[in-house]
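The values are calculated or read from the model by the stated rules, or taken from the named source; none is laboratory data. Please read all numbers here as calculations on a predicted model, not as lab measurements. Remember, those area values only see protein heavy atoms, side chains included, never the ligands or the DNA or RNA. Shrake-Rupley method; radii C 1.70, N 1.55, O 1.52, S 1.80 Å.
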Amino acid sequence: MAMGMDIIMELRTRISAALKQAMKDKDADRLSTLRLINAAIKDKDIDARAAGQDDGVPDREVLGILGKMVKQRMESARTYEEGGRLDLAERELAETKVIDEFLPQKLDAEASAKAVDAAIAEVSAESIRDMGKVMGVLKAKYTGQMDFGAVGPIVKDRLCS
């Protein structure tokens, strides 16, 4: 199940619309998170334009930016919980929920395994040396839909057996 192009094409538009709605609703917490999302995207756009990409980062990369933001917040929440700062952990988790709204639905374990098998077949991977090719295919098709840190060991296991 490849990511629908409509999700990618509408992503920036959906974020902008959500930001405007949060302003109208005077939802300060949501607005703050949406502004962080926009700032992260604009930072990458500036870098991309400096590298000669006049349109900024491709929308597919926006999903990667959002995925990274979620991962950072989950790690921070865990650190805050361990330090007994539940108030800060809750704030990080609340931001994660807002960011998750713009990511495609995560693949379950079965769908992830099928995607790994399909990627291995697509590049005719035969050994661990082909792991980079397999991961490249997965990242191109499933950014935002799977945790590549968790999928890596699955790919490695498939290629080593």
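A few remarks follow.
- Max mean-square fluctuation residue, GNM over the chain, Cα-Cα springs under 10 Å, options Leu36, Leu86, Leu19: Leu86
- Globularity ratio of the chain, using Cα Rg and 2.2 N^0.38 Å: 1.18
- Within the same chain, lysines fewer than 8 places from Lys156 are excluded, and of the rest, those with a Cα less than 18 Å from its Cα are Lys114, Lys133, Lys139.
- Relative contact order (%) - the chain, alpha-carbon pairs under 8 angstrom, separation at least six: 22 percent
- Surface composition of the chain: carbon plus sulfur atoms contribute 53% of the solvent-accessible area (1.4 Å probe, protein chains only, all chains present).
- Across region 44-49, rounded Karplus estimates of 3J(HN,Hα) from the backbone phi angles (6.51 cos²θ - 1.76 cosθ + 1.60, θ = phi - 60°) give 5, 4, 4, 4, 5, 5 Hz, Gly and Pro being marked x.
- Listed by chain and number, the aspartates and glutamates whose C-alpha is less than 13 Å from the C-alpha of Lys68, apart from same-chain residues fewer than 8 away, are Glu95, Asp100, Asp147.
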